[in-house]
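What follows is a short report on a single structure.
The values are calculated or read from the model by the stated rules, or taken from the named source; none is laboratory data. Note that the structure is predicted; figures quoted are calculated from it, not measured. All Cβ positions, even for glycine, are placed from backbone atoms using ideal geometry, and neighbour counts span all protein chains on display. Only protein heavy atoms, including side chains, enter the accessible area calculation; ligands, DNA and RNA are left aside. Shrake-Rupley method; radii C 1.70, N 1.55, O 1.52, S 1.80 Å.
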Amino acid sequence: MDSKGKCEHVEAGTLEKTLYKSKLLRFDIRNQHHVRLLKRSFGTEDCLSPLGLGVLSEEEYECQKKQRKASHPSSATTMSNSSGHKGRSPLANVSNHAQASNNLPPAGTVQNVSNDASLRKFMSLVNEERFFLYRKRNTKMFFGEDHFGKLSDEMLLHIFRCLPKKALIRCSQVSKRFNRVSLDETLWTRLDLSCRSLRDGALGRVISRGTVILRLAQAHVSHPVFQPGSVDHSFETKLSFMDLSMCSIDHGTLFELLSRCRSLRKLSLENVPVNTECCREIASNVNLEALNLTMCEGLDSYNVTLMMKRLTKLHSLNISWTQLSRSSVDSLVTHVTPSLLRLNIAGCRTSMTDDGLDKLINRCPDLLELDLSDCAQLSSTAMTTVCKLKKLEYLSLSRCYNINVTSYLQLSELEPLQFLDVFGLLTEPAVAMLQTSFPGVGINKFMHSSVARPTVGTRRTSIWGLRTRD
């Protein structure tokens, strides 16, 4: 023990055991920290990582030895013939050759190493022919310089904006920094997942990044939307425009998705079955402006009332071909918001009557578009009622067979009228005569209504006029 009382011991048996291992270890005996770690765990690989030590197998060592002798023959001869500590590199190596271990103390004896000088003397017993210099390879020579590391996060974000979503996901796996930048909300504002099959939890991971515009037309969404524990109970998405037209999704999954949405402005659920829980979540989006429920199943009188009472900012509603009963139609025309501008209620063959139409027009006098196609119970009296809409620009009465052809002439009172669709009612000569009576009105120009629909015609990269792809 020295005066500090912190001297440690190294067993020669442990050292001898290490010498016979098939590896070469490097350490710097000038570094006090290296010496302490060497004394504490010599003979193991525990101290290699903090010291930055390298390990060479015997074959690698012999290969380096031959290369060193071939490139510097005079230096190798001088080193092998020298003795003592003069000219010897302070980088010492321990080998597993018997020649090196013959001069070691016998096993079981304890060597007291009190300072660096004694440790240097102790290690000089190793054959100097086994000494070599081992350097860690320079990664820049193999991988090149990291140019992205010189860029700021703002520049990196600008580059990521030019990448498609699939490439962006791959970039997020490169490094922690790339992952952090790739999760920025501005990169996930628009998302088109139409015709995709989404596994459980996949949709939740994506929309939790701040998606605002989402297209899921004809997609398949698995349950659950959010993995348990992935988001807080109070978490709400930033979705404002969502297209779920003809999406394969069950009631429970749809309810989970809608329960996280409170900022929706436009929503399409065309040909998607709903229930009371889903309708209640739809009604919770009080700022909803456009709602497309074409061919939805499960809309009864209670569900219609529930939505119409709360959606007071609705200006476009498509509730066509939903098999509404007469009580459901009555709930619609009674509770729909008076600010409604566009309505498609086509397909009510037996439930829409002249009285129901009169209630609707009295409640919504500012309608600009009205589609009453296939409402077969309407009679010629309905034409007098329609003429009350002084702002009407589009009217569809296709396949309303109980309306007399001559009653269409009453529509001349509607000066704002621009388009009139009467498919399946008039022959070509009758259509030509009607066109003569209304020179400024387009007759039979639109086969399908566009009220509240997210996509019109061949446009499939935008919903409600907003791009879904960057």
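Could you give each residue of the stretch 406-423 its phi-based ³J(HN,Hα) in whole Hz, using Karplus coefficients 6.51, -1.76, 1.60 with θ = phi - 60°, and x for Gly or Pro?
Going residue by residue, I get 5, 5, 5, 5, 5, 5, 5, 6, 8, 5, x, 4, 10, 9, 9, 10, 9, 5 Hz, with x marking Gly and Pro.
Summing Lys, Arg as +1 and Asp, Glu as -1, what charge do residues with Cβ under 13 Å from the Cβ of Val336 carry, Val336 excluded? Could the numbers behind the result be given before it?
Working: positive: Lys309, Arg310, Lys313, Arg342, Lys359, Arg363; negative: Asp330, Asp366.
Counting the neighbours of Val336, the net charge comes to +4.
Just the number please: accessible area per residue for the stretch 171-238, 1.4 Å probe, all protein chains included, in Å².
54
Give the calculated FRET efficiency between Ser301 and Lys176 to the nearest 0.05, with a Förster radius of 45 Å applied to their Cβ-Cβ distance. Don't jump to the answer; show the numbers that get you there.
On the way: r = 55 Å, r/R0 = 1.23.
With R0 = 45 Å, the Cβ-Cβ based efficiency is 0.25.
For the stretch 263-339, which whole-number percentage of the solvent-accessible area (1.4 Å probe, protein heavy atoms only) is attributable to carbon and sulfur atoms? Before the final figure, lay out the partial values.
Values: 1350 of 2780 Å².
Carbon and sulfur atoms account for 49 percent of the accessible area of the stretch 263-339.
May I ask for the net charge around Cys171, where only other residues with Cβ less than 15 Å from the Cβ of Cys171 are counted and Lys, Arg are +1 while Asp, Glu are -1?
+4
Report, to the nearest whole %, how much of the accessible area of the stretch 354-450 belongs to carbon and sulfur atoms, 1.4 Å probe, protein only.
Result for the stretch 354-450: 53 percent of the exposed heavy-atom area is carbon or sulfur.
Summing Lys, Arg as +1 and Asp, Glu as -1, what charge do residues with Cβ under 10 Å from the Cβ of Ser396 carry, Ser396 excluded?
-3
Tabulate in residue order the Karplus-calculated ³J(HN,Hα) for the stretch 198-204, using 6.51 cos²θ - 1.76 cosθ + 1.60 with θ = phi - 60°, rounded to whole Hz; enter x for Gly and Pro.
9, 6, 4, x, 5, 5, x
Just the accessible area for Lys150, please: 1.4 Å probe, Å², rounded to the nearest 10?
Near enough 140 Å² of accessible area.
Considering only DSSP beta bridges whose two residues both sit in the stretch 202-294, what percent are antiparallel, to the nearest 5?
0
Explain nothing, just compute: Karplus ³J(HN,Hα) = 6.51 cos²θ - 1.76 cosθ + 1.60, θ = phi - 60°, for every residue of the stretch 162-168 in order, whole Hz, x for Gly and Pro.
Values per residue, Gly and Pro as x: 8, 9, x, 4, 5, 5, 5 Hz.
If you wrap a convex hull around the Cα atoms of the stretch 409-462, how much volume per residue is inside, in Å³?
Normalising the Cα hull of the stretch 409-462 by residue number yields 113 Å³.
According to the square roots a ≥ b ≥ c of the eigenvalues of the Cα gyration tensor, what is the shape class of the stretch 352-441, taking rounded for a/c under 1.5, prolate for a/b larger than b/c otherwise, and oblate for the remainder?
Taking the square roots of the gyration eigenvalues as a ≥ b ≥ c, the stretch 352-441 is oblate.
For a quick check of understanding: with a 1.4 angstrom probe and all protein chains in place, what accessible area in square angstrom does Ile169 have, to the nearest ten?
Here the accessible area works out near 80 Å².
Per residue, how much accessible area does the stretch 344-470 show when a 1.4 Å probe rolls over the protein heavy atoms, in square angstrom?
Values: 6300 Å² over 127 residues.
Heavy-atom accessible area per residue stands at 50 Å².
Taking a probe of 1.4 angstrom, what is the accessible area of Arg453 in Å², to the nearest 10?
Roll a 1.4 Å probe over it and Arg453 shows about 60 Å².
Please tell me which of these pairs span more than 27 angstrom C-alpha to C-alpha: Lys266/Lys388; Lys238/Lys390; Lys238/Lys359; Lys150/Lys238; Lys309/Lys445; Lys313/Lys390?
Lys266/Lys388; Lys238/Lys390; Lys238/Lys359; Lys150/Lys238; Lys309/Lys445
Name the shape class, rounded, prolate or oblate, that the alpha-carbon gyration tensor gives for the stretch 244-285, where a ≥ b ≥ c are the square roots of its eigenvalues, rounded holds for a/c under 1.5, and otherwise prolate holds if a/b is larger than b/c and oblate otherwise. Don't skip to the answer; put the middle values down first.
On the way: a/c = 1.70, a/b = 1.24, b/c = 1.37.
Because a/c hits 1.5 or more and a/b fails to exceed b/c, the stretch 244-285 counts as oblate.
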